[in-house]
Amino acid sequence: MNTKKIVITGGPGTGKSTVINNLISNGHNCMEEISRQITLDAQKKGIDQLFLTEPLLFSELLLKGRQKQFIDADIYKNQTVFFDRGIPDVLAYMDYIGDTYPQTFVDACKNTKYHQVFILKPWREIYTSDNERYESFEQALKIHDHLISAYKRFGYNLIDVPFGTVNHRTEFILNALEQ
């Protein structure tokens, strides 16, 4: 039996990281979102929004980081690991901005398969923007559509996580895991 790899995805500000943090605090194995760290590292070098100024470079760094997370998750033999976003998210964001990417991005999605994917819909009541999250709520809705398309492109059946408290959302995910 292998490590069960579960993605929690959704547009910006949907509560993904809050659910991941709740899973961590309850002892679950999780791979946290890495895009904020890439953005912060670029800001230290004087680049305010690397994704906006050099989207391909940003996405290449993100892809490499997520591929490493996918491999690193194998240390949890026969256990479940939750990911705050998956590799297809990289393509979804590139498609959202209308930019092209190399075939290696597509190949990465084909060569790394997650067991299940949960998606959180944009939720106006909890949405906030900050230094690393610059998208408007309307843009978050469009990104959500691109995420659905990207995951479906690679054969995933997405499971919609309902609105609710973080505990309710976490319990929904845990209860919906394939046995």
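Things worth noting here:
- Among the residues here, Ile6 qualifies as among the hydrophobic types (A, V, I, L, M, F, W, C) and modelled with pLDDT of 90 or more.
- If you go through the range 141-170 and keep only what is touching a Ser or Thr at 6+ places or on another chain (Cβ under 9 Å) and surrounded by fewer than 17 Cβ atoms within 10 Å (Cβ to Cβ), you end up with Leu158, Val166.
- Qualifying residue in the range 114-131 (condition: in contact with a Cys (Cβ under 8 Å, 6 or more places away or on another chain) and within 20 Å of Asn21 (Cα to Cα)): no
- Evaluation of Ile119 against (1) under 18 Å from the mean Cα position of the chain (by Cα); (2) over 16 Å from Gly15 (Cα atoms); (3) among the β-branched types (Val, Ile, Thr) (one fails), failing number: (2)
- Answer residue from the range 66-108, given it is closer than 15 Å to Ile34 by Cα, of a type in the set (Asp, Glu) and touching a helix residue (DSSP H, G or I) at 6+ places or on another chain (Cβ under 8 Å) and is surrounded by the fewest Cβ atoms within 10 Å (Cβ to Cβ) among those: Asp84
- Picking from residues in the range 33-72 that are under 24 Å from Asn21 (Cβ atoms) and of a type in the set (Asp, Glu), the one that is nearest to the chain's Cα centre (by Cα) is Glu33.
The values are calculated or read from the model by the stated rules, or taken from the named source; none is laboratory data. Keep in mind that what you see is a predicted model, and the values were worked out from it rather than measured. Positions of Cβ are generated from backbone atoms using ideal geometry, with glycine treated the same way; all protein chains shown enter the neighbour counts.
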